[in-house]
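Data first, discussion second: the structure below is written as structure tokens.
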Amino acid sequence: MTDSVTKTYELGRWSLGDLFPGHETKEMQAALKQLENKVGAFEKQRDKLTPDTSEKDFLEIIKQLEENTRLAVRIDQFAGLWFSEDTQNQEAQTFQSKIEQIMAEHQNRTLFFSLWWKALDDENAQRLLKAGGEEFEYWLRQMRNFKPYTLSEPEEKIVNLKDVTGAKALQTLYSAITNRYAFKVNVDGETKELTRAELMKLAYSPDSDHRAAAYQELYRVFGDDGPILGQMYQALTRDWHNENVQVRKFSSPISVRNLGNDIPDEVVDTLLGVSEENTRLFQRFFKMKAKLLGLDKLRRYDIYAPVASSTKEYPYSQAVSMTLECFSDFEPSMELMARRVFEAGRVDSEVRKGKRSGAFCSSGDPALLPWVLLNYTGAARDVSTLAHEFGHAIHAMVAEKHNVFTYHSSLPLAETASTFAEMLLVDRLLEIETDADVRRDILFAKVDDAYATIMRQVYFALFERQAHDMISQGASIDELSAAYMSNLNGQFGDALDIAPEFKWEWVSIPHIYYYPFYVYAYAFGQLLVFALYEQYKAEGDSFKPRYLEILATGGSKSPDEILKRAGVDMRDPTFWQGGFNVVSKMVDELEKL
Ligand SMILES: [Zn+2]
């Protein structure tokens, strides 16, 4: 398919027509009615779920659940995508809330299935696992992995009930308090009131006073409430410990998340340990950045300071062609898949007022092609983003043979195809770019991203581990702040000056409040891809089938098994070190430029 050379691509909007023609259409009404009927029919199966449920009934029940989920996902996806077209559209907003409510109710009404399945005795579970066949096996098995930590039904109900007014209420309160903060900064002689997102744009400003002012104001505001926000964190952490370690008997607070990711505890320890051994790598990067900015030493305020001097722009059509060429060079079928997404009108690429910012790829029902949202402005970073989101789309399409439960990869593997596609594109850009400034900007952006997704997240996770431990032994908020400062000192060594207000950074990280120990998955995914990319560079073509197999497996096997089949041992520290070696080469390259 060589017409990619001649075909031009234009910025534009997507069509949601393959989901629904609109929210107030007879098709949508029929779908909602149908879903209600299907959930009602599923509830009637409840009595059939006994230890001696027949294989035939069991298979029928899970297929029914699959059908219901596919329909629910299509309705939900329409609501979400329509809203992201224009977040100021009241109708879309109302419709999305209505759908969220319906979905939550349906989930509660069908919860009995997973509770029954987890409680079932091993012998009968084994018998029914066979009946489910290979396609449902991992999904069913992973549900049962939680069996040893599951309480009786009345106990589970009490936990759920108390969570609404306990942990969840505290999280909502944290969000309510911190989302109404207004930040005041003086920008060029004028005092402006900014949201957090607007404020943090200043961290990327070429003006060093703006960068300092952004962080000083951020931690002035969070620090004022530090003692209260810190108390909330202490309470949430104790709740996590009481429920998971004391009552459910997990071996440690982080094990809960590890089991959800299906990653063994010792693998996470290895990942965090190897990362700690590589702190000097990013310190070296920051020292080099200081030199380029003409500073003796970088302040913590300056780590995202732009060194960019090029303002090179890439027209959209060129960005698409470059991305398609990267795919076709790697594997021709990938180019074909990406082109199908364009040709089906699944891409919303233009910048529009009210449209959701950033970029994403949305895949729901495996029978439908994915949708991609971009806000394309022409910067080199936007070209990488385009490749990233099409990586996601290809991942979904390669795995489309799986059912709705096993189609998506688990979190640690979810960024594999996207980050890999970005690597292919960055290599391509570096190949064709002769301008040293442009090359330097591209590499800097890549290492900046690697820092933010790897080391920063690893140190958050290390802090969480320490904080959970300290809080269970009664640590005060001051002691936690002191521990946070020594965490930063460990991470940055002598490479950065860290102002004292950074002791409040930890109370400003929503992830550690909402999803304890979630953050290491980002580092896992990024390092995995770097290490795989290193293998690709070393091996060439013979690597490709193994890589495609990883993608094609979707979420139908455990991460351990998927990687083992690709010849990757995630227990081996040298594998993770391979990921850091890729970053190291990029830093070497930058030092040369
Ligand atoms: Zn992504």
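The values are calculated or read from the model by the stated rules, or taken from the named source; none is laboratory data. Small disclaimer: the values here were computed from a predicted structure and weren't measured. Note that we place each Cβ from the backbone using ideal geometry, even for glycine, and neighbour counts take in every protein chain shown. Keep in mind that these areas ignore ligands, DNA and RNA; they rest on the heavy atoms of the full protein, side chains included. Shrake-Rupley method; radii C 1.70, N 1.55, O 1.52, S 1.80 Å.
Note on D478 and F112: with the Förster distance fixed at 60 Å, the Cβ-Cβ geometry gives a FRET efficiency of about 0.80.
Given a 1.4 angstrom probe, I'd like the percentage of the accessible area of the chain that is carbon and sulfur, rounded to a whole number. All intermediate terms of the calculation are to be shown ahead of the outcome.
Numbers: 13410 of 26470 Å².
Carbon and sulfur together cover 51 percent of it.
Once the Cβ-Cβ distance between K48 and E277 is put in as r, and R0 is 51 Å, what FRET efficiency do you end up with, to the nearest 0.05? Kindly include the intermediate steps, with their values, before the conclusion.
Details: r = 54 Å, r/R0 = 1.06.
Efficiency for this residue pair is about 0.40.
Select from the chain the helices, each a whole stretch of DSSP H, whose alpha-carbon atoms run 30 Å or more along the helix axis and whose Kyte-Doolittle mean is at least 1.6; answer none if there are none.
On the way: long enough: 55-85 (45 Å, -0.31); 90-119 (44 Å, -0.65).
Membrane-span-like by this rule: not one helix.
For the chain, the fraction of alpha-carbon pairs lying more than 43 Å apart is 23 percent, rounded to a whole number.
The label-point distance for Y304 and S542, in a model that sets each label 7 Å from Cα toward Cβ, rounds to 4.3 nm.
What shape does the range 101-215 take by its C-alpha gyration tensor, where a ≥ b ≥ c are the square roots of the eigenvalues and a/c under 1.5 counts as rounded, a/b above b/c as prolate, and the rest as oblate?
Values: a/c = 4.14, a/b = 2.60, b/c = 1.60.
Taking the square roots of the gyration eigenvalues as a ≥ b ≥ c, the range 101-215 is prolate.
With a simple spin-label model that places each label point 7 Å from the Cα along the Cα-to-Cβ direction, the separation between K157 and T574 comes to 5.6 nm. Would you mind estimating how fast the range 391-486 diffuses translationally, via Stokes-Einstein at 20 °C and 1.002 mPa s with the Kirkwood radius over Cα pairs, in µm²/s? Rounded, D is 125 µm²/s. Packing around the peptides 450-460, 432-442, taken as the average count of other Cβ atoms within 10 Å per residue, puts them in this order, highest first: 450-460, 432-442. Pairs with C-alpha atoms separated by more than 29 Å, drawn from the list K26/K355; K287/K544; K168/K446; K184/K592; K192/K287; K184/K503, are K287/K544; K168/K446; K184/K592; K192/K287. Taking every DSSP bridge with both residues inside the chain, close to 65 percent are antiparallel. Relative contact order, whole percent, for the chain stands at 18, derived from Cα pairs under 8 Å and 6 or more residues apart. For the chain, the per residue solvent-accessible surface stands at 45 Å², with DNA, RNA and ligands left out and a 1.4 Å probe.
Show that you can apply the helix-only estimate: for the chain, add -39,500 (n - 2.57) for every DSSP H stretch of four or more residues, divide by all residues, and state [θ] at 222 nm to the nearest 500. Provide the component values of the computation, followed by the final result.
Working: 25 runs with 374 residues, N = 593.
Here the helix-only value at 222 nm equals -20500 deg cm²/dmol.
Treating each Cα of the range 256-394 as one equal point scatterer and applying the Debye formula with no solvent, the log10 of I(q)/I(0) at q = 0.13 Å⁻¹ comes out as -0.89.
Using Cα pairs closer than 8 Å and at least 6 residues apart in sequence, work out the relative contact order for the range 530-593, in percent. It would help to have the intermediate numbers written out before the result.
Details: 34 pairs, mean separation 28.4, N = 64.
With pairs under 8 Å counted, the relative contact order is 44 percent.
Rounded if a/c is under 1.5, else prolate if a/b beats b/c, else oblate: with a ≥ b ≥ c from the C-alpha gyration tensor eigenvalues square-rooted, which is the range 37-139? The shape class here is prolate. According to the square roots a ≥ b ≥ c of the eigenvalues of the Cα gyration tensor, what is the shape class of the range 326-401, taking rounded for a/c under 1.5, prolate for a/b larger than b/c otherwise, and oblate for the remainder? The shape class here is oblate. With contacts taken as Cα pairs under 8 Å at a separation of at least 6 residues, the range 475-593 carries a relative contact order of 24 percent.
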